[in-house]
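> First the structure, which I've put down as structure tokens, then a few questions once you've had a look.
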Amino acid sequence: MTDDNQGETLPELDPSQTGLSDMTPEGFRKAGKKVIDLIADYLTDLEDYPVLAQTKPGDVRRKIPDHPPQQPESIEAILADYKQTIEPNLTHWQHPAFMGYFGITGSGPGILADAIASAVNINGMLWRTSPSATELEERVVHWLRQLMDLPRNWFGIITDTASISSLLAVATARHQVPGLLVREKGLTGRTDVPRLTLYISSQTHSSLDKAAILLGLGLDSIRRIPEDDAFCMDVTELEKAIHTDRKAGHTPFCVVATAGTTSTTSIDPLAAIGAVCRREKLWFHVDAAYGGSAAIVPELRARLEGIELADSVVVNPHKWLFVPMHLSVLYCRNGALLEDAFSLIPEYLRTTDSSKVDASDNKEEVCDFMNYGVQLGRKFRALKLWMVLRYFGAEGLQRRIREHVRIAKEFANGVDQNPWMERLAPVPLSTVCFRMTPPDLPENGENKEDYLDQLNEKAMASVNSTGKVFLSHTRLKGRFAIRLVVSNARTTEKHVLLAKELLLETSKTIDESERPQHLRQRNS
Ligand SMILES: *Cc1c(COP(=O)(O)O)cnc(C)c1O
């Protein structure tokens with residue numbers, strides 16, 4: 001082979017000159033400093049934005065050209081457009097008064113870690129495709145496992161979301177049903193497959209319904225066990241349902257309990273459900289996407305008693321552990337089963353590195369994480385969990401979660417004492433469900449409940465439209481409930497009190513003008 005270019009000097013690799021390669025390192029350094037400033041400005045001035053985007057559908061689309069750019073553009077021009085068109089039309093999840101859904105925090109160390117992860121842009125599918133990414137992942141899931149006080153030797157793997165973690169868990173539960181051989185035979189075209197039944201509660205997250213759809217079980221396989229007064233799964237009803245299904249010739253295979261349900265953060269009776277699963281030989285999956293983070297606080301850990309009986313647990317550090325999206329962790333009592341369900345090694349990915357399950361002890365063997373789930377390509381997510389855990393330390397994280405629980409408790413107490421407010425669910429963690437109730441409504445007024453639904457829906461929408469705070473809602477026992485969640489690291493008591501003040505003011509105004517005549521007679 002001859003080298004035709006010998007002696008020629010290569011042009012500087014600037015895309016605007018050569019049309020080739022990437023931004024130059026010097027160009028990157030300059031642009032990067034601008035981006036860091038842009039981020040720091042954003043985090044400084046965040047509270048000047050309305051929390052909920054005050055954008056009309058199509059507003060943004062209209063400002064973005066219909067055709068892709070043909071010529072290179074400067075990073076300055078791109079960032080200017082970002083600043084002018086994109087950033088102001090976001091809903092600001094980082095805003096301290098974001099108290100809807102579940103508040104999340106892209107913390108400083110997490111943001112920086114994400115930048116580094118993109119910079120090295122590794123693919124952690126195999127140990128050898130980035131040994132430190134794989135071994136760091138093993139270590140950080142091991143750290144988090146200890147912080148949550150989960151049993152030793154549980155296998156852990158990072159995924160993007162709880163939805164995917166739960167999908168993998170239920171797939172593994174399905175995989176180990178004796179005699180089913182679903183990996184080889186599939187579920188279709190067979191007459192020898194019984195109906196597999198999956199037990200969830202009326203409060204279970206919809207990702208489990210999606211898992212049933214994706215895994216060929218179908219929604220008809222789902223047994224939605226009723227809740228008790230505290231929105232927790234009724235264990236007696238669970239046992240009844242299992243027995244009924246067995247009698248009917250079905251094959252119960254998995255129970256999903258939730259530690260921190262999406263509506264009220266109720267925690268299912270994990271110990272009792274775990275005992276049923278042991279006795280009935282059913283896979284026990286615990287969805288602790290939100291509530292699992294509370295387990296790192298010693299005095300809150302008891303609320304998740306029984307979680308250690310699980311076969312699999314999902315927790316989302318991107319929810320309440322201040323790690324930016326996406327980062328979910330799936331723990332599995334028996335990692336070998338997960339591998340058994342998913343491992344499939346095409347020739348081009350075969351290595352002579354021996355694979356292993358136990359991440360912590362045997363130094364000779366390596367873990368190829370691609371064998372424990374669906375995706376082949378894996379972003380370097382462990383880095384941000386590592387940096388966040390180190391930057392805040394266990395104590396720093398515990399302090400923040402403790403404070404969120406304290407603020408929520410204070411708010412709940414305020415609700416209980418206010419004649420204009422009514423609490424609609426217990427507060428096991430840092431989410432309060434409540435509604436506004438004019439104290440002088442007649443006790444048994446006709447359509448009173450419907451009126452309260454309307455009043456609360458309007459009051460919440462009106463408060464959200466101020467842009468000062470953001471709240472979301474749920475329905476509890478059929479009734480509209482406002483949810484206030486304290487789980488963003490920037491949220492303080494001041495923001496919670498502002499939400500309360502705005503709600504009281506607004507609902508009083510709405511009630512004055514809109515209450516129907518027949519509900520105006522005072523209680524006598
Ligand atoms: C948020 C949440 C989910 C969904 O999490 P993703 O990571 O967005 O898929 C599932 N279950 C519970 C209990 C949750 O709180």
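Listed here are the residues, each with its yes/no results for (1) part of a loop (DSSP other than H, G, I, E, B); (2) buried (at least 17 other Cβ atoms within 10 Å of the Cβ); (3) of a type in the set (Asp, Glu).
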residue	(1), (2), (3)
92	yes, yes, no
96	yes, yes, no
106	yes, yes, no
116	no, no, no
119	no, no, no
123	yes, no, no
129	yes, yes, no
140	no, yes, no
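> Testing residue 200 on (1) away from the ligand (no atom under 13 Å from the Cβ); (2) of a type in the set (Val, Ile, Thr); (3) outside any helix (DSSP H, G or I), one condition comes back false. Which one is that?
Failed condition: (1).
> Any idea which residue in the range 297-314 is farthest from residue 96 (Cα to Cα), counting only those that are surrounded by fewer than 24 Cβ atoms within 10 Å (Cβ to Cβ), touching a residue at least 12 places away in the same chain (Cβ under 8 Å) and of a type in the set (A, V, I, L, M)?
My answer is 309.
> Sticking with this one: Please go through (1) within 16 Å of the ligand (Cβ to nearest atom); (2) in contact with a strand residue (DSSP E or B) (Cβ under 7 Å, 6 or more places away or on another chain) for residue 282 and return the number of the only condition it doesn't satisfy.
(1)
> Can you tell me which of 173, 211 is surrounded by 14 or more Cβ atoms within 10 Å (Cβ to Cβ), touching an Asp or Glu at 6+ places or on another chain (Cβ under 8 Å) and not in a strand (DSSP E or B)?
173
> When residues of the range 455-512 are filtered for being out of contact with any Phe, Trp or Tyr (no Cβ under 8 Å at 6 or more places or on another chain), assigned to a loop (DSSP other than H, G, I, E, B) and surrounded by fewer than 21 Cβ atoms within 10 Å (Cβ to Cβ), how many remain?
Number of matching residues: 6.
> Inspect all residues belonging to the range 243-254 and state whether any of them is buried (at least 17 other Cβ atoms within 10 Å of the Cβ) and within 15 Å of the ligand (Cβ to nearest atom).
Within the range 243-254 (the criterion being buried (at least 17 other Cβ atoms within 10 Å of the Cβ) and within 15 Å of the ligand (Cβ to nearest atom)), the answer is no, since none of the residues qualifies.
> Considering the range 137-180 alone, what residues qualify as being modelled with pLDDT under 95 and either β-branched (Val, Ile, Thr) or within 16 Å of the ligand (Cβ to nearest atom) (or both)?
Matches in the range 137-180: none.
> Looking at this structure, is residue 317 under 25 Å from residue 484 (Cβ atoms), more than 10 Å from the ligand (Cβ to nearest atom) and surrounded by fewer than 24 Cβ atoms within 10 Å (Cβ to Cβ)?
Here the answer is no, as residue 317 does not meet what is asked.
> Taking the range 487-524, which residues are touching a Leu at 6+ places or on another chain (Cβ under 9 Å) and closer than 30 Å to residue 109 by Cβ?
Result: 487, 490, 496, 499.
> To continue, here is another question. Take the residues in the range 320-348 that are farther than 13 Å from residue 157 by Cα and surrounded by 24 or more Cβ atoms within 10 Å (Cβ to Cβ); name whichever of them is farthest from the ligand (Cβ to nearest atom).
Filtering the range 320-348 for residues that are farther than 13 Å from residue 157 by Cα and surrounded by 24 or more Cβ atoms within 10 Å (Cβ to Cβ), the one farthest from the ligand (Cβ to nearest atom) comes out as 322.
> If you scan the range 1-58, which residues turn out to be outside any helix (DSSP H, G or I), modelled with pLDDT under 90 and in contact with an Asp or Glu (Cβ under 8 Å, 6 or more places away or on another chain)?
13, the sole residue that qualifies.
> Only residues in the range 176-192 that are assigned to a loop (DSSP other than H, G, I, E, B) count as the first member; pair them with residues that are among the polar types (S, T, N, Q), Cβ under 9 angstrom, at least 6 apart or cross-chain, and list the lot.
176/334; 177/251; 180/251
The values are calculated or read from the model by the stated rules, or taken from the named source; none is laboratory data. From a predicted model like this one, the values you see are computed outputs, not experimental measurements. Here Cβ is always computed from backbone atoms with ideal geometry, including for glycine, and neighbour counts include all displayed protein chains.
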